[in-house]
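The structure appears right after this line, and notes come after that.
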Amino acid sequence: MEFFDFMNRSVSNFTAVDTIAAMLRAEGFTELRESQSPWNPAPGARHYVIKNNSAIFAFIVGSDTNAPFHIIAAHSDSPGFRLKPNPEMEVGACSCGEGLLVKLNTEVYGGAIWSSWMDRPLGLCGRVITASDSNPLELTSRIVRLDSPRLIIPRLAIHFNREVNKGVAMSAQKDMQPVLGYISKTLGGKDAVRRLLADHIGCTSEQIIDFDITLYDIQGAEVVGADATWVNCGRLDDLAMAWCAVQALLQAGNNCKATAVAAIFDNEETGSGTRQGAHSPVLRNIMRRISATNSDEGFLAQLARSFFISADCAHAAHPNYLEKMDPVNRPVLGGGPVVKVNANCKYMTDARSAAYFKQLCKLEGVPCQEFVNHSDSPGGSTLGNILTSTLDIDGVDMGIGLWAMHSARETASLTDIDSTIKVFSRFYQS
């Protein structure tokens, strides 16, 4: 599978994990379930574990039973808009005879740039939970994606707000409700979404017990730039890094002395505080079950020899806003992977871990950049320092540079993606 195909298929956290699982199975990885016992994976074994349909952890057991872990972590979720329960909202009568207009009640997920979602065709995707007729407690998760451009969030015309280009305060509840259509054309008012989903997966609306449904941009990934080396699409943060981690794992084959792990968490954009998030014990539990040692002391010794790469996209210098960046450290698109540093420990990077990653880049002939926040603009945190609250492990925070992070569409360098895969492959095989 090529990168553009991966991005076009992975329109939500659920579809991303489903796509990654298919990639892994095609290369001989088999699924382990947390409810299975014991695992006892042999050296060279290739497995994956799925959590909540929205996080996936793939690994190749090292040839040395006491080998350390080489971990790369990314996340499957991206900022956007999620449907609330009972989302249909009827809007007045229409003089054209079509009946009531229906819009959908949404809630903002993560730190989205709201205006970037306006005036573009949107689809619905995510997960539907159904129950069997014979056993109401027998629940099934179904991954869904309605590719038709069903929705649009129309912007208010400039004629009704002449100050719009001077900056306008927006309300998530008022301004960001997507319009679905007229009741007579959407399968029936208050049950419109449930009926659309049921028709898509081939069940009755009564069989749908609940759903996790988000909006997504229908337009696929595009090559941009005069030299055609940039990619523009949604969800690059952080599916671009998930792609790099999985590709490096697939390329590693059986050349891993250490146990190679690709950990794709969910809910990073909302703080990682779920059972499928980086703040949970899920990765530690999986690693403990992979470990060949029979003692906690032996496992802790393995951790002490292990290394962790927190792979989450970084900010590239915006050509129109260079003053927003540090005066000296200004990553650029195409300049190579970016090591992220913060004096207040918002990232796990220190001089030793940064040096290790830079040496990996040097061995692969890949340039390496550094990102530091402008001192007047404190930044956020990511997976690295969250995971160190559950794992006593050395590591580095890094990513590839992006423009318009958290927009409905972001821009990155294809060269940086290829370079990162090379570095990750070297790491897994070191």
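The values are calculated or read from the model by the stated rules, or taken from the named source; none is laboratory data. Remember, it's a predicted structure, so these values are computed and weren't measured experimentally. Note: ideal-geometry Cβ built from the backbone for every residue, glycine included; neighbour counts use all protein chains shown. Calculation scope for accessible area: heavy atoms of the full protein, side chains included, ligands and nucleic acids excluded. Shrake-Rupley method; radii C 1.70, N 1.55, O 1.52, S 1.80 Å.
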Gyration tensor on Cα atoms of segment 327-391, a ≥ b ≥ c root eigenvalues, a/c under 1.5 rounded, else prolate if a/b beats b/c, else oblate, says oblate
May I ask for the longest run of the chain untouched by trypsin sites (Lys or Arg not before Pro) that are loop-located per DSSP and have at most 12 neighbouring C-beta atoms (other than their own) within 10 Å?
-> 163-430
Once all protein chains are kept in place, ASP5 shows an accessible area at probe 1.4 Å, nearest 10 Å², of 70
Excluding LEU387 itself, calculate the net charge of residues whose Cβ lies under 13 Å from the Cβ of LEU387, where each Lys or Arg counts +1 and each Asp or Glu counts -1.
-> -4
Heavy-atom accessible surface of segment 365-428: percent carbon and sulfur, 1.4 Å = 47
Using alpha carbon centers only, segment 55-91 is separated from segment 313-336 by a whole-angstrom value of 27
Taking springs between alpha-carbon atoms closer than 10 angstrom, which of ASP119, ASP227, ASP418 fluctuates most in the Gaussian network model of the chain?
-> ASP227
Taking a point 7 angstrom from the Cα of VAL332 along the C-beta vector, which residues in segment 342-364 have backbone N less than 20 Å away?
-> 362
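Can you tell me the accessible area per residue over segment 1-117, all protein chains present, probe 1.4 angstrom, in square angstrom?
For segment 1-117, the solvent-accessible area averages 41 Å² per residue.
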Figure the gain on full extension for ALA45 and ARG155 (residue separation times 0.36 nm, minus the Cα-Cα span) and round it to one decimal in nm.
-> 34.3 nm
By accessible area with a 1.4 Å probe, ligands and nucleic acids excluded, highest first: order of ASP238, ASP175 = ASP175, ASP238
Counting only protein heavy atoms and leaving out ligands, DNA and RNA, the solvent-accessible surface of LEU333 at a 1.4 Å probe, in Å² to the nearest 10, equals 30
Result for segment 208-355: accessible area per residue, probe 1.4 angstrom, in square angstrom, of 41
Inter-part distance where segment 150-183 and segment 341-365 are each reduced to a Cα centre, Å | 43
Return one whole number: the accessible area per residue of segment 138-182 in Å², for a 1.4 Å probe.
-> 69
Once you have a ≥ b ≥ c as the square roots of the Cα gyration tensor eigenvalues for segment 288-430, tell me rounded if a/c is under 1.5, and otherwise prolate or oblate according to whether a/b is larger than b/c.
-> prolate
Pulled fully out, how much extra length does the chain show between ASN344 and THR270, if you take 0.36 nm times their separation in residues and subtract their Cα-Cα distance?
-> 24.6 nm
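Using DSSP to define loop residues, name the GluC sites (Glu not before Pro) in segment 32-133 whose beta-carbon has at most 16 other beta-carbon atoms within 10 Å.
Values: sites: GLU34, GLU88, GLU90, GLU98, GLU107; in loops: GLU34, GLU98.
Listed in order of number, the matching sites are GLU34, GLU98.
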Pull out the extension gain between LYS257 and GLU90, defined as 0.36 nm times the separation in residues minus the alpha carbon to alpha carbon distance; nm, one decimal.
-> 54.1 nm
So what are the ³J(HN,Hα) numbers for segment 399-415, from phi and the Karplus equation (6.51, -1.76, 1.60; θ = phi - 60°), rounded to whole Hz, Gly and Pro as x?
-> x, 9, x, 10, 9, 6, 4, 6, 6, 4, 9, 10, 10, 9, 9, 5, 4
How much of the accessible area of segment 22-152, in percent, comes from carbon and sulfur atoms when a 1.4 Å probe is used?
-> 48
From highest to lowest solvent-accessible area (probe 1.4 Å; ligands, DNA and RNA excluded), HIS315, HIS406, HIS70 read HIS315, HIS406, HIS70
Long-range amide H partners of VAL332 with built H, under 5 Å = ALA317
Taking only C-alpha positions in segment 45-193, Rg and Dmax in angstrom work out to 21.6, 74
In whole angstrom, note down how far apart the Cα centers of segment 262-302 and segment 368-389 are.
-> 21
